[in-house]
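Colleague: The structure follows.
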Amino acid sequence: MKKIVLIAAMVLLAVSGTAQQVASRAKAMRMMSFSRPEYQIKDIKVYADTMTVYSLANYVIYPFGEWESVEQYITDNQLSWYRDIGYKNYFDSMEVSVNRMSRVDGSYIDMYYSIWTKKVELLSGYILDKEVTLANGIHTGMTKDEVMNVFFKRYPKSYTADVLVLKVISGAGEVAEIYTFKGTKLRHIKIETAYKYY
């Protein structure tokens with residue numbers, strides 16, 4: 001009898017997990033229909049409290065805008081940055097000059113000038129300071145609805161009620177913007193890259 005109960009519980013758990021996956025996929029497909037065309041969203045995945053959005057838009061690769069020099073970015077945004085220049089390794093044998101732009105609260109952006117693209121490329125970043133604004137207007141302290149409205153024209157609020165993390169990833173997966181919410185407010189923004197070249 002115990003074996004039958006155990007088998008029934010395992011089957012119920014498996015069916016429940018499959019149903020949740022189907023519901024998450026249906027929710028993601030419906031969210032795609034509400035996406036803004038300028039972000040060229042090609043896929044959305046929802047898993048637990050995380051929504052991952054795959055975008056082909058150039059914005060995702062350049063979340064702070066496209067700049068020809070680090071100085072141009074500093075001058076244009078008119079914020080006080082602590083600037084530190086160091087080196088990072090690429091391909092285990094190559095070193096490139098990286099500018100770390102820091103704020104007093106621990107926010108930072110790591111950038112370098114690419115000889116290939118002739119632009120300032122982003123390596124990583126962690127933003128807590130609400131004065132640091134991305135090119136699309138997102139900054140910490142915004143509500144979840146305000147952030148979602150940047151990427152989606154409209155959507156059922158129930159679809160994002162459980163979302164605590166929104167990841168926006170470039171088409172090739174080189175750049176990821178990670179928006180983390182605490183309650184209904186955007187707590188911090190993290191930027192990760194997987195560049196293996198200079």
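Colleague: Suppose the filter is hydroxyl-bearing (Ser, Thr, Tyr) and at pLDDT below 95; does Tyr126 pass it?
Modeller: no
Colleague: Could you check Ser80 against (1) part of a loop (DSSP other than H, G, I, E, B); (2) touching a strand residue (DSSP E or B) at 6+ places or on another chain (Cβ under 6 Å); (3) hydroxyl-bearing (Ser, Thr, Tyr) and say which number it fails?
Modeller: Ser80 satisfies all of (1) part of a loop (DSSP other than H, G, I, E, B); (2) touching a strand residue (DSSP E or B) at 6+ places or on another chain (Cβ under 6 Å); (3) hydroxyl-bearing (Ser, Thr, Tyr) except (2).
Colleague: Go through the residues of the range 114-135 one by one and say whether even a single one is within 18 Å of Ala48 (Cβ to Cβ) and free of Cβ contacts under 8 Å to residues at least 40 places away in the same chain.
Modeller: no
Colleague: Sort through Tyr62, Tyr47, Tyr54, Tyr82 and tell me the only one that's modelled with pLDDT of 80 or more, open to solvent by less than 40 Å² (accessible area, probe 1.4 Å) and either hydroxyl-bearing (Ser, Thr, Tyr) or within 19 Å of Ile127 (Cβ to Cβ) (or both).
Modeller: None of the other options fit; the residue is Tyr62.
Colleague: Sticking with this one: Going residue by residue through the range 104-112, is there one that turns out to be touching a residue at least 60 places away in the same chain (Cβ under 8 Å) and open to solvent by less than 20 Å² (accessible area, probe 1.4 Å)?
Modeller: Yes, the range 104-112 contains at least one residue that is touching a residue at least 60 places away in the same chain (Cβ under 8 Å) and open to solvent by less than 20 Å² (accessible area, probe 1.4 Å).
Colleague: Any chance you could count how many residues in the range 167-192 are at pLDDT 90 or above and closer than 16 Å to Asn58 by Cα?
Modeller: The qualifying residues number 9.
Colleague: Pairs, please: C-beta under 7 Å, at least 6 apart or cross-chain, first residue at negative phi and in the range 76-87, second open to solvent by 100 Å² or more (accessible area, probe 1.4 Å) and modelled with pLDDT of 80 or more?
Modeller: Leu79/Glu131
Colleague: Starting from residues that are open to solvent by 30 Å² or more (accessible area, probe 1.4 Å) and out of contact with any Asp or Glu (no Cβ under 8 Å at 6 or more places or on another chain), keep the ones in the range 85-103 and report whichever is modelled with the highest pLDDT.
Modeller: Per the criteria, the residue is Ile85.
The values are calculated or read from the model by the stated rules, or taken from the named source; none is laboratory data. Everything numeric here is computed off the predicted structure, so don't read it as measured data. Here the Cβ is made from the backbone with ideal geometry for all residues, glycine too, and neighbour counts use every protein chain on show. Only protein heavy atoms, including side chains, enter the accessible area calculation; ligands, DNA and RNA are left aside. Shrake-Rupley method; radii C 1.70, N 1.55, O 1.52, S 1.80 Å.
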